[in-house]
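Written out below as structure tokens is the structure these notes cover.
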Amino acid sequence: MANTVNSSDQPSAAIPPDNVNNKLTLASPDDPKLRHVSVAGGTYTILVSGEDTSGRYCLVDMLIPPGGGPPPHRHDFEEMFTILDGEIELTFRDKVHKASAGSTVNIPANAPHAFKNNSDKPARMLCMCTPAGQDEFFMEVGDPVDSRNAPPPNLSKAEQVERIQRAKALAAKYKTELLV
């Protein structure tokens, strides 16, 4: 006769007390006080930063115009996208997938991937990274903009090259590798 263990018989781990110094985060993507940054042709709004979560995760609202999206890359953390509007084409380990409004995509740590908006309409998605850090990477490599709907700056070829070089120089600090 096999022994079965009832989960209620297992000792439970103690849940720490509430830390009253931790604050509620209530974020609206249109809040002008939030940080908005242009990265890889899109406009990203940091809704919940690593600072807000003690480094556990970050949540970024991404507005991706037609043609926008990052080059192939990989990183040592989990990344999840929920498509709110539009459609993106996702390349994961060299295989192409389409993700449209309502879809959620989880990218495992260390897996090569990229995404692009190949449609003629903007795409909007939420990006959660765990642990946090990608939010700070975006702020260091991107260009601050005034709002979630602000268009990316019109960069010269030299400025575009400089942004790519900056991203490559900072990538290791944020456990990221650009595959370009």
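Things to note:
- Residue tally, condition more than 13 Å from the chain's Cα centre (by Cα) and within 18 Å of A171 (Cα to Cα), over the range 114-143: 4
- Per-region count, the range 148-169, residues surrounded by 15 or more Cβ atoms within 10 Å (Cβ to Cβ) and either part of a loop (DSSP other than H, G, I, E, B) or touching a Phe, Trp or Tyr at 6+ places or on another chain (Cβ under 6 Å) (or both): 3
- Scanning the range 57-101 for residues that are part of a strand (DSSP E or B) and either among the basic types (K, R) or free of Cβ contacts under 8 Å to residues at least 12 places away in the same chain (or both) yields R74, K95, V96, H97, K98.
- Selected residue (criterion: surrounded by the fewest Cβ atoms within 10 Å (Cβ to Cβ)) from residues of the range 81-103 that are within 11 Å of I64 (Cβ to Cβ) and β-branched (V, I, T): I83
- Pick from the range 29-50, criterion modelled with pLDDT of 95 or more and part of a loop (DSSP other than H, G, I, E, B), ranking: farthest from D146 (Cα to Cα): G50
- Residue count, the range 121-155 (criterion: in contact with a helix residue (DSSP H, G or I) (Cβ under 6 Å, 6 or more places away or on another chain) and modelled with pLDDT under 95): 0
- Meets criteria (within 17 Å of the chain's Cα centre (by Cα), in contact (Cβ under 8 Å) with a residue 24 or more places away in the chain and within 26 Å of T53 (Cβ to Cβ)) for P108: yes
The values are calculated or read from the model by the stated rules, or taken from the named source; none is laboratory data. Since the model is a prediction, treat every value here as computed from it, not as a measurement. Cβ: placed from backbone, ideal geometry, glycine included. Neighbour counts: every protein chain shown.
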